[in-house]
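Here is the structure we will look at, set down as structure tokens.
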Amino acid sequence: MSDDSWTQNPGLGGIDPAKLQMLLTLSEQAKGKSPNELLPFLMAAAAQSKENNMSFNQSEADAIIEVMKIGKSPQEISKIDKICAIMKQFQKK
């Protein structure tokens, strides 16, 4: 059984439940992927959500990222920050 308790975090209260469900599905699919596999997976997921007209505004994305960091080690937080920086570079192109 998956741990979806993060979807109940008050910081995510303003996000559409359908978006949270999509994130939960993606988090399940991402389990077990190596860091090298994760970035292409996230990029494909972003493209698919865009095709389905489901996108996150900057404040929603920031809230999700902050919730993802809860309980993580400084090394894990650093990895999350690096992935976010890379994704922002791709968005500029």
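Structure above, values below:
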| read-out | value |
| --- | --- |
| Percent accessible area from carbon and sulfur atoms, the chain, protein chains only, probe 1.4 Å | 56 |
| Estimated translational D of the chain in µm²/s (Stokes, Kirkwood radius over Cα pairs; 25 °C; 0.890 mPa s) | 174 |
| Listed pairs 33/79; 50/79; 19/72; 31/79; 19/82 exceeding 18 Å between Cα atoms | 50/79; 19/72; 19/82 |
| Neighbour net charge for residue 69 - beta-carbon separation under 14 angstrom, K R +1, D E -1 | -1 |
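The values are calculated or read from the model by the stated rules, or taken from the named source; none is laboratory data. No experiment lies behind these values; they were computed from the predicted model shown. Virtual Cβ from ideal backbone geometry, glycine too; neighbours counted across all protein chains shown. Side chains are part of the model used for accessible areas, which takes the heavy atoms of the whole protein and leaves out ligands, DNA and RNA. Shrake-Rupley method; radii C 1.70, N 1.55, O 1.52, S 1.80 Å.
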